[in-house]
Amino acid sequence: MGLQPDQSQRLVALFALGVLLLTYPLLAVFNRAEFVLGIPVLYAYLFGAWGGLIALLALAAWRRAPHDAADALGEPAEAVDEGQGGAGAAHAAPATTATPATPGRGDVRDRRP
């Protein structure tokens, strides 16, 4: 599962933003003897910038779910509609769900050396 080109560009840009936000010249601006809601300005800035970067990274890395089967398999819609699934068809989910294994009836957990 690789990154899309636009995702990797966003992640690199956010890394650069993080480096800029958390290096000395900008930190020196917030290194004052003042308080915001009882918290030193520098600490408030550090945790705010850190939390903001985490939120932006989560948004940049978030992948939307495909809207149809053609998007899920990465193939043209005609191939999926005609039952020619191709590479993605081998990995399709089974039609029925398996029942959970019962201990004592051949379950792997039941085998002891």
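The values are calculated or read from the model by the stated rules, or taken from the named source; none is laboratory data. Just so it is clear, the structure is predicted and the values come from calculations on it, not from any experiment. With ideal geometry, Cβ positions are generated from the backbone for all residues, glycine too; neighbour counts draw on all protein chains shown.
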Checklist entry - Since Q7 meets every condition but one in (1) under 30 Å from R63 (Cα atoms); (2) exposed (fewer than 14 other Cβ atoms within 10 Å of the Cβ); (3) not small (G, A, S), which condition does it not meet? => result (2)
Checklist entry - Any residue at all in segment 32-45 that is surrounded by 12 or more Cβ atoms within 10 Å (Cβ to Cβ), at pLDDT 60 or above and either assigned to a loop (DSSP other than H, G, I, E, B) or within 24 Å of the chain's Cα centre (by Cα) (or both)? => result no
